[in-house]
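Just so you know, all these numbers are worked out from the coordinates, no wet-lab data involved. All of these numbers come straight from a predicted model, not from anything done at the bench. Note that we place each Cβ from the backbone using ideal geometry, even for glycine, and neighbour counts take in every protein chain shown.
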Amino acid sequence: MSGTVFDIVLCALILGAALAAVSGRDPFAAVVFFVVYGVFIATAWLRLDAVNVALAEAAIGAGLTGVLLLGAVGRLARLRETAPPARAAGPRLLAALAAGGTTLLLGWVFLTLPEPAGLHAEVGANLAAAGSENAVTAVLLNFRAWDTLLESIVLLAALIGIWALSPDAAWGGRPGMTQRTRAGGVLAQFGRVLPPIGLMVGVYLVWAGTKQPGGAFQGGTVLAAVALLAMMAGRIAPPRVSAPGLRLALILGPAVFLAVGLAALAAGRFLWLPPEHAYALILGIEAALTVSIAATLALMVIGPPQEAP
Amino acid sequence: MIGSATLYGLCGAALVGIGLYGFVSHPGLLRRVLAFNVIGSGIFLIFGAAGYRDADAGADPVPQALIITGIVVALSLTALAVALIVAHVRASGHGELPEDAGE
Amino acid sequence: MTGWFLAAATLLLLTLAGALWRVWTGPGRADRMMAAQLVGTGGVAVVLLLAAATDWAMIDVALVLALLAAFAAVAFVKAETPEGRGDPEDDDA
Amino acid sequence: MLELATDALTVALTAAGLVFFLAGTVGLIRFPDTFSRLHALTKADNLGLGFIVLGLALQAESWHAVFKLGLIWALALVAAGTAAQLVARTALRADEGGRPTRQAEGRE
């Protein structure tokens with residue numbers, strides 16, 4: 001009973017935060033509402049018994065989204081963008097009607113969906129041979145490895161797209177801007193205390209991800225957030241986009257994944273993991289993927305190089 | 001009594017509507033990126049809730065895995081969109097597209 | 001105990017609605033940011049109560065939220081410095 | 001018997017935590033200016049989280065979980081202290097420098 005009350009209150013907060021984020025007047029407030037929205041959504045995933053998803057949402061919603069969007073609001077304000085005119089009431093009403101209709105339609109479809117058995121049984125029956133006791137990690141790295149391999153390549157493509165937006169003079173330089181902090185100040189101290197703990201938490205999430213909720217995406221996101229903090233606090237500078245070490249870190253994950261897949265092709269099927277080595281292979285792929293995901297996400301949030309090298 | 005899956009599924013449907021409204025009604029580009037993300041998380045919520053309708057069996061791991069990849073791809077596209085918006089504003093001085101400027 | 005933990009988590013969510021009101025009204029950016037900080041800490045507490053009520057594995061989500069709790073605030077103070085890359089404590093920034 | 005006493009203590013501690021969270025939110029809503037709101041908020045919500053952590057530690061199923069609870073509280077304390085200090089500095093600078101943070105900014 002009290003579970004239902006909790007769910008209703010949480011849904012109301014989620015909808016309120018979303019409405020404020022898309023319709024409020026102040027763009028800064030909209031971004032803050034969106035960050036808060038991420039915390040609520042992460043909690044909702046816990047109520048749906050999806051701890052793996054909640055971990056990813058918490059790391060992205062609380063960590064990376066805020067850094068990305070608050071930085072963007074600040075940059076746009078400094079560029080003095082002119083205020084766009086507000087839409088007239090007529091088109092807004094039309095938009096509201098269309099959106100309401102879409103919601104009703106989706107709600108009706110959701111309520112009348114046929115009740116399938118789901119894929120629990122299939123996943124459960126093959127879990128022993130998958131190399132991971134965490135069913136979600138088994139799906140990501142073994143049963144649906146194709147998706148995950150292609151996704152790691154999509155991330156690379158997005159980063160290349162972002163880098164392509166750097167001014168010609170800045171190409172080859174460090175992403176973003178040079179950060180300054182007051183030596184011994186609160187920000188510098190925070191940047192010294194937190195990264196070691198964050199490193200530990202990120203590695204723990206990857207390591208534990210084959211037995212309990214966690215994995216390369218969750219751990220990699222935490223590591224990316226921690227790296228961003230160290231950069232904002234002036235502790236480390238991002239590597240130049242042309243640095244060979246950085247390029248290697250970016251392609252390490254997809255490359256190892258692809259190599260394992262091709263080796264499996266020799267044994268019969270692309271991306272097939274032999275059960276007796278599956279655990280070691282998954283851990284190896286995950287370690288490489290974590291490095292690439294962390295590096296790619298952190299560099300994406302920093303943005304393209306702005307200063308001449 | 002309504003189950004969690006039903007509630008969050010309907011909440012996801014409402015989020016798609018809210019995001020769609022924001023996307024159409026606001027000309028500001030950064031705002032449209034937020035609205036796009038709200039639509040995305042609404043769809044994820046519907047998907048995840050549909051995989052949890054049999055609470056005794058627990059959450060279906062296959063939708064969960066697809067949602068995790070979806071969340072990370074949504075973040076990377078958001079980062080690309082933000083970089084494009086900053087470049088657009090730097091070049092034009094406007095935070096919206098030309099066809100939305102004079103209404 | 002499960003019932004109490006869920007009830008406590010629900011009450012906590014209701015107090016967070018008050019923080020959302022402050023994000024909405026502001027008036028300053030600092031006010032909005034601090035209200036978001038309260039939602040972050042409150043969210044950690046809600047997740048901990050859910051973990052106690054249903055499954056202790058959820059505690060890792062609270063750990064991640066607590067670890068990243070100040071990140072938005074740090075990004076905010078950075079973005080508010082004149083060039084977006086200084087330190088609010090730095091007098092020449 | 002012992003279990004009943006632990007349960008009662010857990011309820012008392014988490015309830016105390018709730019009261020502090022409530023006090024923090026009331027301060028956030030009612031106090032007149034940015035700096036006093038900041039002051040009310042950080043103290044209240046960290047004590048609130050502290051009491052909830054203590055209450056739950058009594059119910060934790062392993063020492064592992066107790067360690068994590070302690071780490072979570074320590075991280076939240078550091079985060080809140082840092083955020084409060086930095087945001088206060090930013091609000092102060094904005095006031096001196098003439099950039100409006102006290103007024104709503106209606107720009108899009």
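Averaged over its residues, how many other protein chain Cβ atoms are within 10 Å of peptide A:123-135's Cβ atoms? Spell out each step's value before the answer.
Details: counts 4, 3, 0, 0, 1, 0, 0, 0, 0, 0, 0, 1, 7.
For peptide A:123-135, the averaged partner shielding equals 1.
In a simple Cβ point-charge model (Lys, Arg +1; Asp, Glu -1; nothing else charged), chain A has a dipole of about 1180 debye relative to its Cα centre. Please list log₁₀ I(q)/I(0) at q = 0.12, 0.16, 0.19 Å⁻¹ for chain B, using the Debye equation with identical point scatterers on the alpha-carbon positions. Calculated log10 I(q)/I(0) at the listed q: -0.51, -0.76, -0.93.
With each label modelled as a point 7 angstrom along the Cα→C-beta vector, the A:Val203-A:Leu262 pair spans 3.1 nm. Shape of region A:1-79 from its Cα gyration tensor (a ≥ b ≥ c, root eigenvalues): rounded if a/c is under 1.5, otherwise prolate when a/b > b/c, or oblate? Judged from the Cα gyration tensor, region A:1-79 comes out oblate (a/c at least 1.5, b/c at or above a/b).
The lysines whose alpha-carbon is closer than 26 Å to the alpha-carbon of C:Lys78, local same-chain residues fewer than 8 away aside, are D:Lys43. Modelled spin-label separation between D:Ala12 and D:Arg30, with each label point placed 7 Å from Cα along the Cα-to-Cβ direction: 2.6 nm.
Between the listed residues B:Leu75, D:Leu28, A:Asn52, the Cα displaced farthest toward the positive end of the dipole of the protein assembly as shown, a dipole computed from Cβ unit charges relative to the Cα centre, is found at D:Leu28.
In terms of its Cα atoms, chain C spans 55, 28, 14 Å along the principal axes, sorted from long to short.
Remind me, relative contact order of chain A in percent, using alpha carbon pairs under 8 angstrom and six or more residues apart?
22 percent
For region A:260-301, the Kirkwood hydrodynamic radius comes to 11.5 Å, computed from all pairs of different C-alpha atoms.
Scanning chain A for long hydrophobic helices, with DSSP H runs required to stretch 24 angstrom or more by C-alpha along their axis and to average at least 1.6 on the Kyte-Doolittle scale, returns A:2-23, A:27-47, A:145-163, A:244-266, A:278-302.
Placing a pseudo-label 7 Å from each Cα along the Cα-to-Cβ vector at C:Asp55 and A:Leu104 gives an inter-label distance of 3.7 nm. Binning the alpha carbon pair distances of chain A at 10 angstrom intervals from zero yields the distribution 5, 20, 28, 26, 16, 4, 0, expressed in whole percent.
Nearest 0.05, what FRET efficiency do A:Glu307 and D:Met1 give at R0 = 60 Å with Cβ-Cβ as r? E between A:Glu307 and D:Met1, to the nearest 0.05, is 0.30.
Within the P(r) computed for region D:2-97, what percentage of the Cα pairs occupies the region above 21 Å? It works out to 44 percent of all Cα pairs. Just to verify a number: FRET efficiency for A:Phe270 and A:Gln189, C-beta to C-beta distance, R0 = 51 Å, to 0.05? Step by step, r from the Cβ atoms, then E = 0.55. Distant-in-sequence amide contacts of A:Gly176, defined by a placed amide H-H separation under 5 Å and a gap of 5 or more residues or a different chain, comprise A:Gln306.
Each of A:Ala42, A:Val31, D:Gln85 was placed along the dipole of the protein assembly as shown (beta-carbon charges, centred on the mean Cα), and the one lying farthest toward the positive end is D:Gln85. Along the charge dipole of chain C, pointing to its positive end and built from +1/-1 on Cβ of Lys, Arg, Asp and Glu, which listed residue (C:Thr54, C:Gly40, C:Ala19) has its Cα farthest out? Checking the options against the dipole of chain C, the answer is C:Thr54.
Taking every DSSP helix (H) stretch of at least 4 residues in chain D, weighting each as -39,500 (n - 2.57) and dividing the sum by the residue count yields a mean residue ellipticity at 222 nm of -29500 deg cm²/dmol.
Calculated from the alpha-carbon coordinates, the protein assembly as shown shows an Rg and a Dmax of 23.2, 74 Å respectively.
Could the peptides C:35-47, B:5-17, A:254-266 be put in order, highest first, of the mean number of other beta-carbon atoms found within 10 Å of their residues?
Details: C:35-47: 28.2, B:5-17: 23.6, A:254-266: 16.3.
Top of the packing list down: C:35-47, B:5-17, A:254-266.
Find the relative contact order for region A:127-255 and round it to a whole percent, using C-alpha pairs within less than 8 Å whose residues are 6+ positions apart.
Values: 118 pairs, mean separation 40.0, N = 129.
Across region A:127-255, relative contact order equals 31 percent.
Looking at the square roots a ≥ b ≥ c of the eigenvalues of the Cα gyration tensor of region A:133-309, which shape do they give, rounded for a/c under 1.5, prolate if a/b is larger than b/c, or oblate? Verdict is oblate for region A:133-309. Checking the cross-link filter: which lysines have an alpha carbon closer than 29 Å to that of A:Lys211, excluding same-chain neighbours under 8 positions apart? Excluding near neighbours in sequence, the set is D:Lys68.
The charge dipole of the protein assembly as shown, taken about the Cα centre with unit charges on the Cβ atoms of Lys, Arg (+1) and Asp, Glu (-1), comes to about 1300 debye, rounded to the nearest 20.
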